[in-house]
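**Student:** Mind having a look at this structure? Questions to follow.
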Amino acid sequence: MNVILFILFAAVTATFGQLGFKLGMNQVGEVSKLSPSVLLEMVFNPYVLIGLFLYGVSTISWLVALSKEDLNFVYAFTSLILVMVFLLSFAVLGESVSIYNTLGYSLIILGLLIIFFYQR
């Protein structure tokens, strides 16, 4: 199977894992002091648990990708997670987006396209 599919799957599951973490922490609230009860509340929040599960799935897919391709090629695509988190934070969480964010993430996409088409 194509390594890009494993990389994309790893990036998507990691992105949704981050979304789960954020949704869970929105329920927990701001953490000002770590205590055993706060740690338990964080770890056992359903959204955080889903996020942890998705990160585990992402890691497995990531390891498969690393078995098929050079680390420097595969690792560059972790920046896809940045772009997808940016898009989901706007679309799902309603976070603000500036022209500078958009420009920066567009440059990341351009860089990935250059790596994908010219490094191989």
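The values are calculated or read from the model by the stated rules, or taken from the named source; none is laboratory data. Because the structure is a prediction, the values reported are computed rather than measured. Here the Cβ is made from the backbone with ideal geometry for all residues, glycine too, and neighbour counts use every protein chain on show.
**Student:** For residues that are under 22 Å from the mean Cα position of the chain (by Cα) and outside any loop (DSSP other than H, G, I, E, B), scanning just segment 24-38, find the one that is nearest to residue 48 (Cα to Cα).
**Tutor:** Only one residue fits best here, namely 24.
**Student:** State yes or no: is residue 96 polar (S, T, N, Q), under 13 Å from the mean Cα position of the chain (by Cα) and modelled with pLDDT under 95?
**Tutor:** no
**Student:** Against the definition (at pLDDT 95 or above and among the hydroxyl-bearing types (Ser, Thr, Tyr)), how does residue 61 come out, yes or no?
**Tutor:** yes
**Student:** Scanning segment 1-15 for residues that are in contact (Cβ under 8 Å) with a residue 40 or more places away in the chain and not β-branched (Val, Ile, Thr), which turns out farthest from residue 64 (Cα to Cα)?
**Tutor:** Of everything passing the filter in segment 1-15, 14 is farthest from residue 64 (Cα to Cα).
**Student:** Only one of 37, 32, 79 is surrounded by fewer than 16 Cβ atoms within 10 Å (Cβ to Cβ), within 29 Å of residue 97 (Cβ to Cβ) and at pLDDT below 95. Can you tell me which?
**Tutor:** None of the others qualify; the one that does is 32.
**Student:** Moving on. State yes or no: is residue 65 under 26 Å from residue 109 (Cα atoms) and free of Cβ contacts under 8 Å to residues at least 40 places away in the same chain?
**Tutor:** So residue 65 fails the test.
**Student:** Hey, another quick one. Check whether at least one residue in segment 63-73 is surrounded by 16 or more Cβ atoms within 10 Å (Cβ to Cβ) and touching a Lys or Arg at 6+ places or on another chain (Cβ under 8 Å), and report yes or no.
**Tutor:** So far as segment 63-73 goes, yes, one or more of its residues are surrounded by 16 or more Cβ atoms within 10 Å (Cβ to Cβ) and touching a Lys or Arg at 6+ places or on another chain (Cβ under 8 Å).
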